[in-house]
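K.L.:
Next up is a structure, given as structure tokens.
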């Protein structure tokens, strides 16, 4: 059986997802939907060339035009939202209405909570909804769920993630690889962790530490950012004593961006300057985005998870490590592969009926073991090392 897929948003991650749906998803058609039809057509051409097919097709539609979107999605088996997180709740409702399975690249835990409240509606319509797919949150959560299933008792889990340039260029040493509002959203507010087995809110930019990686990566610095664990702390409350997630950057990054935050540049409340009303975050984005968008797509992606607990009756430590790089053959960045392919994997499993109906968090939708198996099929190395102590 062949399946029809739709991707809303034809940017980098959407393009990588389209490629993967054709390579691994038994696709008969993949629709790339965007209000920039030229961009969608360019992405569709790229995907068709890479897959030696004519399966990928561009479609014009504005994400806010629900009537037109319904017409496009009515015969779709699975839909991926690759647009900013603030569209995802309404897109979820629309997908359920037309009977299309749905997943997205997430980015905001409050939105995800609202999506999960649609569980009974999704079940009644025979639809599977899985928000907050991608790299971090997404694949890191799948890795943590793998550990939950492997251990008798899981005491502590500490997860780290990064999307970085292979060759950092001062003074920023960072290349934007997704929508800039998503980046700021990660750096704003509080993260949900588990401390002493209970859900705790932990402020962004706290918990600074350094980690060492093999050269040429070297020393990276980590701090708390928001949203990286999605709703997992709520679901594991009382089952794991310590659960936390931090973002890795090259040295000096966090001091700079903490300063921007303390200055108020992340705020969305309008302020008056003379007779003009402005939103600080809009000004910040306008100034910052061109500085960190150089066009250098040679990147690397890291997910590293440390766990301790009791496994097979013995105290055990486990490290899961994934380090991926820009792929010269497809020209896909590591961030495209890790983000887009986690979402497309779940979209494929949903289309095939291998995920139960309902609105489900990533950890409840698919076992970590299956995700690891599927990602390895795509040529990405995932190392898992355990030892007793």
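K.L.:
Go through the residues of the range 166-175 one by one and say whether even a single one is surrounded by 19 or more Cβ atoms within 10 Å (Cβ to Cβ), assigned to a helix (DSSP H, G or I) and in the same structural domain as residue 314 (by TED's automatic domain parsing).
P.N.:
no
K.L.:
Then there is this: Could you tell me whether residue 144 is in a helix (DSSP H, G or I), at pLDDT 95 or above, touching a strand residue (DSSP E or B) at 6+ places or on another chain (Cβ under 8 Å) and surrounded by fewer than 24 Cβ atoms within 10 Å (Cβ to Cβ)?
P.N.:
no
K.L.:
Same structure, new question: Consider the range 361-375. How many of its residues are more than 18 Å from the chain's Cα centre (by Cα) and farther than 20 Å from residue 311 by Cα? Before the answer, list the steps.
P.N.:
Step one: filter the range 361-375 for residues more than 18 Å from the chain's Cα centre (by Cα), giving 369, 373.
Keeping just the survivors that are farther than 20 Å from residue 311 by Cα gives 373.
Residues flagged as more than 18 Å from the chain's Cα centre (by Cα) and farther than 20 Å from residue 311 by Cα within the range 361-375 amount to 1.
K.L.:
Just wondering, is there one or more residues in the range 358-371 that are in a strand (DSSP E or B) and at pLDDT 95 or above?
P.N.:
So in the range 358-371, the residues in a strand (DSSP E or B) come out as 358-359.
With the extra rule that they be at pLDDT 95 or above, the set shrinks to 358-359.
Yes; the residues of the range 358-371 include at least one that is in a strand (DSSP E or B) and at pLDDT 95 or above.
K.L.:
Sticking with this structure for a sec: What do you reckon, is residue 330 under 30 Å from residue 168 (Cα atoms), in contact (Cβ under 8 Å) with a residue 60 or more places away in the chain and either surrounded by fewer than 22 Cβ atoms within 10 Å (Cβ to Cβ) or not assigned by TED's automatic domain parsing to the domain that holds residue 9 (or both)?
P.N.:
In short, yes.
K.L.:
Could you pull out every one of the strands (runs of 3 or more DSSP E) wholly within the range 249-312 that has 2 or more residues that are surrounded by 11 or more Cβ atoms within 10 Å (Cβ to Cβ) and touching a helix residue (DSSP H, G or I) at 6+ places or on another chain (Cβ under 8 Å)?
P.N.:
Hits in the range 249-312: 299-311.
K.L.:
Kindly indicate the residue of the range 317-345 that is more than 12 Å from the chain's Cα centre (by Cα) and assigned to a helix (DSSP H, G or I) and also nearest to residue 147 (Cα to Cα) among those meeting that condition.
P.N.:
Per the stated criteria, the residue is 345.
K.L.:
Restricting to the range 1-18, count the residues that are in a helix (DSSP H, G or I) and in contact with a strand residue (DSSP E or B) (Cβ under 7 Å, 6 or more places away or on another chain).
P.N.:
So the answer is 4.
K.L.:
Consider residue 213 carefully, then state whether it is touching a helix residue (DSSP H, G or I) at 6+ places or on another chain (Cβ under 7 Å) and either more than 30 Å from residue 286 (Cα to Cα) or surrounded by 21 or more Cβ atoms within 10 Å (Cβ to Cβ) (or both).
P.N.:
no
K.L.:
Is there a residue in the range 197-211 that is at pLDDT below 95 and outside any loop (DSSP other than H, G, I, E, B)?
P.N.:
No: zero hits.
K.L.:
Would you be able to tell me the number of residues in the range 149-165 that are assigned to a strand (DSSP E or B) and either buried (at least 17 other Cβ atoms within 10 Å of the Cβ) or touching a helix residue (DSSP H, G or I) at 6+ places or on another chain (Cβ under 6 Å) (or both)? First the steps, then the outcome.
P.N.:
If we filter the range 149-165 for residues that are assigned to a strand (DSSP E or B), which is where we start, we get 153-165.
The next check asks that each one be either buried (at least 17 other Cβ atoms within 10 Å of the Cβ) or touching a helix residue (DSSP H, G or I) at 6+ places or on another chain (Cβ under 6 Å) (or both); those that pass are 154, 157-165.
Qualifying residue count, the range 149-165: 10.
The values are calculated or read from the model by the stated rules, or taken from the named source; none is laboratory data. Given the structure is predicted, the values throughout are model-derived calculations rather than measurements. No Cβ is skipped: glycine too gets one built from the backbone with ideal geometry, and neighbour counts run over all protein chains shown.
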